[in-house]
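Reviewing the structure listed below.
The values are calculated or read from the model by the stated rules, or taken from the named source; none is laboratory data. Since the structure is predicted, the reported quantities are computational estimates derived from the model, not experimental observations. Side chains are part of the model used for accessible areas, which takes the heavy atoms of the whole protein and leaves out ligands, DNA and RNA. Shrake-Rupley method; radii C 1.70, N 1.55, O 1.52, S 1.80 Å.
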Amino acid sequence: MKKKILIGLGIVVLVVIGVIGYMVITDLQQEDKLLQEVDEITALTNEDPIDVDKLRDKLDNTITRGDYGTTERALKDYVSDLVDNYEIIYNALNDDTMINILSIDNYKEDGKEFTESREYLSTTQDNLKSAMDNYVELLTEEGAMKYINDKGLDSYYVDLYRDELVGEIPADDVSELETAINDVISLLDKEEAVIEFLVQNKDNWEIQGDNIVFDGNDLTNEYLGLVDEIAN
């Protein structure tokens, strides 16, 4: 009887060991899949320009399960919000309207009230400021961790998310981003000053050929001074 009991206990132990081994192997496989997925996301975000559609397709899918799946989903929701704000910034910085707004062609098409130009300048400034604030906040540890802190996960997964998936965000990169976007916002402010000047003095200028001509040197000099500010 003892022998049978011992054999029975041995089988139970082997089964338990087997289950534990299976779970460990499965967890390792899930973690490897997640780390590989992060490598692929990183490669996509390092492209210039970023293929946003391809990146979104990857962010929309969850390839791991259980706690790893929850961790993966938190990361992808985080990156998705980064991409949303990136797209706003990228589209604004690559919009030809910003370059052409003080062109003679635009003066002819949208002057002298400049309704579309004024709306564009106001909307673009608001969008850039909002996107920059959101982007910079997301690039802080607090901004990144809010996506996983409320998931009820074991500290192992929280640490994995913070240390291996998100990683350290260099403060210099954030500072450079803020500086670059603030420079663009400053440019838009200066363009807006020119447009407002033209609206306020709409009865004192006209387009002759490819040139804008003002009534008097004072207005001409004031206009040229505002345009020169853009180059400085």
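Points worth noting:
- The relative contact order of the chain comes to 20 percent, based on Cα pairs under 8 Å that sit 6 or more residues apart.
- Between helix 217-231 and the chain there is an angle of about 20 degrees, using the helix long axis and the longest principal axis of the Cα atoms.
- Only one item in (i) 150; (ii) 116; (iii) 140 matches volume of the Cα convex hull per residue in Å³ derived from the coordinates shown, and that item is (iii).
- Relative to the dominant Cα principal axis of the chain, helix 66-93 is inclined by about 10°.
- The residues of the chain expose on average 61 square angstrom of accessible surface per residue, using a 1.4 Å probe on protein heavy atoms.
- Against the chain, whose longest principal axis comes from its Cα atoms, helix 2-45 is set at around 10 degrees.
- Accessible surface of the chain [probe 1.4 Å, protein heavy atoms]: carbon and sulfur percent: 50 percent
- Normalised contact order of segment 35-130, rounded percent, pairs of Cα under 8 Å and 6 or more residues apart: 19 percent
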